[in-house]
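Here's the structure, in structure tokens; my notes come after.
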Amino acid sequence: MATADAVSRNLARPLAGTLWAVLQCDALGSAGREWVVAAMQSPEFAGVCANVLPADEAARFCAALVRAPPLPRGRFDALVGDLSAVLRGEAAADVVMAYEM
């Protein structure tokens, strides 16, 4: 949600670090992944980004964020930055294709 609504461009990378920690935390197990998926599938997230990120593109971003094996850390950070740019209307949603290869 923060990526979609409240985070400025210069805070996208620290947010990526937080998401990375949640997704890679052994103590959380699959709960971290489930939390990210639930947040990105929530009506609140859809409402915040409805005008710039269609549901199918949001699902593609979500899949890239929680994929196994995970993206390398640098690419993960870039993905979160690109998602933030899309949600601010600064990039096209098809940027996610680069992370699906």
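In table form, for the structure just shown:
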{"item": "Residues being charged (D, E, K, R), in a helix (DSSP H, G or I) and over 13 Å from Leu23 (Cβ atoms) - total across the stretch 52-101", "result": "6"}
{"item": "Flag if Leu23 is buried (at least 17 other Cβ atoms within 10 Å of the Cβ), free of Cβ contacts under 8 Å to residues at least 60 places away in the same chain and assigned to a helix (DSSP H, G or I)", "result": "yes"}
{"item": "Odd one out for Val36, checked against (1) in contact with a Gly (Cβ under 8 Å, 6 or more places away or on another chain); (2) assigned to a helix (DSSP H, G or I); (3) not acidic (Asp, Glu)", "result": "(1)"}
{"item": "Residue in the stretch 52-73 that is over 23 Å from Ala98 (Cβ atoms) and either of a type in the set (Gly, Ala, Ser) or in contact with a Lys or Arg (Cβ under 8 Å, 6 or more places away or on another chain) (or both) present", "result": "no"}
{"item": "Subset of the stretch 68-88 [of a type in the set (D, E, K, R) and under 11 Å from the mean Cα position of the chain (by Cα)]", "result": "Asp77, Asp82"}
{"item": "Failed item, numbered, when Leu28 is tested on (1) free of Cβ contacts under 8 Å to residues at least 60 places away in the same chain; (2) assigned to a helix (DSSP H, G or I)", "result": "(2)"}
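Read the figures in this text as sums done on the coordinates, not as results from a lab. Everything numeric here is computed off the predicted structure, so don't read it as measured data. Neighbour counts are summed over all protein chains in view; Cβ atoms, including those assigned to glycine, are modelled from backbone coordinates with ideal geometry.
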